[in-house]
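Comments concern the structure below.
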Amino acid sequence: MKSFLLILLSLSCIAFLYLGNTYWQERTAVSSYNITSDNPSSEAVTSSSSAEPSEEIVPFANWPEQAQADYQAAVDNGETYKLALVGSPALGKDENGWSVQVKDALEEEYGESLEVSIFQYDTVSTDFIYGEDSDEVIDYAPDMVLFEPFSLNDNSRGVSADDNQYSIEFFLKELLGANEDVVMLLQPSHPIDGATYYPRDIEGLKEFAKEKDITYLDHWTAWPDSEELKSLLAEKQDGPNEDGHELWADYLTDYFISDAKGKEDSQ
C-alpha cells in the first residue's frame, strides 16, 4: 500500500511539472507575440534609432559663423537679411557685371529672406570713408558687407597701402556703429597684367585680413596668369570684360551658395 501511494505521488508530481512547463511556454509565446505583432512600431523604433540622420544641404555653409547664425535667426523671425556689395567700378553695376550676376543668383536662391544691394563708387579709399559714399552704405545698415576696398584705384592714384588698410578699419568701425553684429568680407579688385607694386599691395591686403580676422575671398586664385589674363580684362585693364565678370561672379556665387551638407553644429 505504501509503495502504491509513493508511485501515485510521483506520477502526480510529474503531471504537475509537465502542466506547469506547458503553461509557462504558452505565456512566453503570448508575450513574444504581443511585442512583435500587437506593437509593430517597436521594430520601427529600433530601426529608426539606428539609422543615420539625414544631412541637409545648407547653401550658406561657407559664410562666417556670425553671418550664418544671424541669417538663420532672420529667417526664423521672418525678417530680411541684408548684404551690401561695395566697391569701385570694377563691380560692373551698369553692365551686368559680377555684382549684378551675384545679386541675381543670391536672390533667386534665398528669395525674400536675403536682400542684396550694390554700392559702386569711382573713388579712392580715403575719399570713400570721409565723404558721403560710405554714409550711404552705413545708412543701409547691412548685416554683411562684401568690400572691394578700391585697391586698384588707390594704387593708380597714389594712395598708400597703409592708408588703404586704415580706411578699411575706419569703415568697419562705422558699420559696427550702425549694426554691432555686422560681418565684413574683404576681396581684392581684379588682377592686371604686368603690374609690379599692385600685386604686393594685394598680398599686404590678404595679410591684413588675416591679422584682423576678417574673411578674405581670394578670387585671384581663379584668374589665369600672363597672356590669358588679358583676354578677361577691358582694353585699359581698368575692369574685367564680359568673360572676366563671369569668372569673378562664378567664384563668389560658389562661396555664397554652397552645395555642402550641413552638420548638427553648423559653422
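Values in this text are rule-based calculations from the coordinates and carry no lab data. None of these values were measured; they are calculated from a predicted model. Glycine gets a Cβ as well: all are built from the backbone with ideal geometry, and neighbour counts include every protein chain shown.
A protection proxy built from the mean count of other Cβ atoms within 10 Å ranks the segments 212-219, 74-81, most packed first, as 212-219, 74-81. Working ranking of peptides 188-197, 247-256 by packing, defined as the average number of other Cβ atoms within 10 Å per residue, highest first, is 247-256, 188-197. Using the average count of surrounding beta-carbon atoms within 10 Å as a protection proxy, the listed peptides 169-182, 86-99, 225-238 rank, highest first, as 86-99, 169-182, 225-238.
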